[in-house]
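Undergrad: The structure under discussion is supplied below as structure tokens; questions concerning it will follow.
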Amino acid sequence: MSTVLRLAMRAGNFARFSNFAMKPTQANFQAQIRQITTSFVQKTGDFEYEDPKSEDEVVNITYVLRDGTERKIRGKVGDNVMFLAHRYDIEMEGACEASLACSTCHVYVDPAFKDKLPEPLEEEDDMLDMAPALKDNSRLGCQIVLTKELDGITVTLPTMTRNFYVDGHVPKPH
């Protein structure tokens, strides 16, 4: 196979090579799958462990822990509430690593900030249906990304979570 043909395959330009595109090969089948798959964008890696670079980026958040104590944290624009909790050793489980496959990062959002959050995705609503002690202001912490508009937000950890994978597991931030 020529280099030009290989490059065209990688770019997904099968129309110009119609006789090749007609043959269902594993290579062009995998390339077509790659064109239609997508995932929710999450900033990962060192991003969660970086401090704000300027005061303009600072977003203050208060976590109300299960025992009622408050932890005030200085996050930054773009931080994920669950990963930020992990960074500061707040016991928010997050069993599925923000893939919308559990409800272990369930939080109650301060009603004053509820309408400042984007509407939950259908997948988030489905996972929240499995959360114990669900309220009107329930959200998944992994789906809350901090913005300047959320400066001063308070999220409360529920008294319990349900992890269908491990019964009796004590949450340990990653």
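The values are calculated or read from the model by the stated rules, or taken from the named source; none is laboratory data. Just so we're clear, the structure is a prediction, and the values are computed from it rather than from any experiment. Note: ideal-geometry Cβ built from the backbone for every residue, glycine included; neighbour counts use all protein chains shown.
Undergrad: Is it the case that Ser54 is hydroxyl-bearing (Ser, Thr, Tyr), in contact with a helix residue (DSSP H, G or I) (Cβ under 7 Å, 6 or more places away or on another chain) and free of Cβ contacts under 8 Å to residues at least 60 places away in the same chain? Let's see the steps before the verdict.
TA: On the way: hydroxyl-bearing (Ser, Thr, Tyr): yes; in contact with a helix residue (DSSP H, G or I) (Cβ under 7 Å, 6 or more places away or on another chain): no; free of Cβ contacts under 8 Å to residues at least 60 places away in the same chain: yes.
No.
Undergrad: Continuing with the same structure: Test Ala112 against the criterion of being surrounded by 19 or more Cβ atoms within 10 Å (Cβ to Cβ) and of a type in the set (Gly, Ala, Ser), and give yes or no.
TA: Values: surrounded by 19 or more Cβ atoms within 10 Å (Cβ to Cβ): no; of a type in the set (Gly, Ala, Ser): yes.
It is false that Ala112 is surrounded by 19 or more Cβ atoms within 10 Å (Cβ to Cβ) and of a type in the set (Gly, Ala, Ser).
Undergrad: In addition: Can you spot a residue in the range 124-137 that is surrounded by fewer than 20 Cβ atoms within 10 Å (Cβ to Cβ), under 17 Å from the mean Cα position of the chain (by Cα) and polar (S, T, N, Q)?
TA: Within the range 124-137 (the criterion being surrounded by fewer than 20 Cβ atoms within 10 Å (Cβ to Cβ), under 17 Å from the mean Cα position of the chain (by Cα) and polar (S, T, N, Q)), the answer is no, since none of the residues qualifies.
Undergrad: Report, by residue number, each residue of the range 87-119 that is at pLDDT 90 or above, among the charged types (D, E, K, R) and in a loop (DSSP other than H, G, I, E, B).
TA: Asp89, Glu91, Asp110, Asp115, Lys116, Glu119
Undergrad: Moving on to the next point. Filter the range 132-165 for residues that are among the hydroxyl-bearing types (Ser, Thr, Tyr), assigned to a loop (DSSP other than H, G, I, E, B) and modelled with pLDDT of 95 or more and give the result. Working first, answer last.
TA: Taking the range 132-165 as the starting set, the residues that turn out to be among the hydroxyl-bearing types (Ser, Thr, Tyr) are 138, 147, 154, 156, 159, 161, 165.
Narrowing further to those that are assigned to a loop (DSSP other than H, G, I, E, B): 147, 159, 161, 165.
Correct list: Thr147 only.
Undergrad: Given the structure, is Gly68 crowded, with 19+ Cβ neighbours inside 10 Å and of a type outside the set (A, V, I, L, M, F, W, C)?
TA: No, not satisfied.
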